[in-house]
Amino acid sequence: MVWCRVSSSNWQSTGLQIRGLQVRALPDPLDDEADGKRVKMALQERLEKLRETGPRAMNFLSEVVAEMRKVHWPTRKETYAATVVVIAVTVVIAVFLGVVDFLISYVVQKVLS
């Protein structure tokens, strides 16, 4: 007698799907020969991916270095000027929002009282 497990939880998992019932018979977990073949195939795929990773990583790093050479780095004077502009605009907007908040709260208090 042949035993097999039946599952209907995930139709994408391994096994043969019986379409009408949406049930599949999963592979026999006691089949050591098939497990060995699957393990070997998985290891071969992993090794191929690892072999591809080295050259791809080196290519990526060389492209990063090439792009970093193209970047225009600001001088100390340009950085200082940009920082002053950012701080000044931030202060102006903070004051503006404070005044608007005060006016709105004043109007709401007058309307409600």
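The values are calculated or read from the model by the stated rules, or taken from the named source; none is laboratory data. Model, not experiment: these values are computed from the prediction. Methodologically, a virtual Cβ is constructed for each residue, glycine included, from the backbone with ideal geometry; neighbour enumeration extends over all protein chains shown.
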Number of the condition not met by Leu50 [criteria: (1) surrounded by 10 or more Cβ atoms within 10 Å (Cβ to Cβ); (2) modelled with pLDDT under 80]:
(1)
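May I ask you to say which residue of Arg19, Arg69 is modelled with pLDDT of 90 or more, loosely packed, with under 10 Cβ neighbours inside 10 Å and either touching a Pro at 6+ places or on another chain (Cβ under 9 Å) or among the basic types (Lys, Arg) (or both)?
Values: Arg19 fails: modelled with pLDDT of 90 or more.
After applying the criteria, what remains is Arg69.
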